[in-house]
1. Tabulate in residue order the Karplus-calculated ³J(HN,Hα) for region 32-39, using 6.51 cos²θ - 1.76 cosθ + 1.60 with θ = phi - 60°, rounded to whole Hz; enter x for Gly and Pro.
2. Taking a ≥ b ≥ c as the square roots of the eigenvalues of the Cα gyration tensor of region 1-95, is the shape rounded (a/c under 1.5), prolate (a/b larger than b/c) or oblate?
3. How much net charge surrounds LEU76 when only the other residues with a Cβ under 14 Å from the Cβ of LEU76 are counted, with Lys and Arg +1 and Asp and Glu -1?
4. Would you calculate the separation in nanometres between label points at SER85 and LEU48, each defined as 7 Å from the Cα along the Cα-to-beta-carbon direction?
5. Can you give the extra length, in nm with one decimal, that the chain gains between ARG77 and LEU6 once fully stretched, where that is 0.36 nm per residue apart less the Cα-Cα distance?
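All of the numbers you see were taken from the coordinates with simple rules; none came from a lab. Nothing here was measured: the structure is a model prediction, and the numbers come from that model. Cβ coordinates were reconstructed from backbone atoms using ideal geometry, including for glycine residues, and neighbour counts include every protein chain displayed.
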Amino acid sequence: MTQPLLRTYGCHRDYDGPGRELLEPLSATTPFPGRAIVWMRESVREVLTELDRPTFGIAWAWLGNHQAAGAAVQELRQGRPYTFSLKTAVGRWSWSAYPVAVLTVIDSCSNSSLMIRELAPAGAIGGPP
């Protein structure tokens with residue numbers, strides 16, 4: 001019997017500008033589109049203090065637009081990615097959420113089916129002992 005691919009949502013924050021090498025990659029996955037947008041919004045809040053005044057205003061307006069957040073969730077539910085970007089005088093911030101398909105994994109030790117719910121964060125290494 002073939003298992004359908006599970007839909008989950010990947011989230012990513014990127015910065016292109018001076019000091020980029022000091023930032024660790026930031027990403028996450030979630031099975032819920034609403035949670036993906038919440039993750040994006042929380043990540044935007046984390047960088048507010050690093051933004052110049054005009055860019056801060058743009059980010060603050062986006063955070064206050066709850067109707068747009070709802071529309072972003074709908075975009076994800078319909079299988080389309082969603083991106084929010086901020087251009088500053090010295091660089092560019094970008095947040096994205098996008099649907100990804102996750103395979104069902106068969107545990108060969110016990111012959112039971114395990115479903116992957118979350119992926120490791122970007123840059124994670126290692127595996128089972």
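1. Values per residue, Gly and Pro as x: 10, x, x, 5, 4, 5, 4, 4 Hz.
2. Values: a/c = 2.87, a/b = 1.64, b/c = 1.75.
In terms of gyration-tensor shape, oblate.
3. On the way: positive: ARG7, ARG35, ARG41, ARG77, ARG80; negative: GLU75.
Around LEU76, the charge tally is +4.
4. In this crude label model, SER85 to LEU48 measures out at 2.4 nm.
5. Details: separation 71, 0.36 × 71 = 25.56 nm, distance 1.28 nm.
Going from the current span to full extension adds 24.3 nm.
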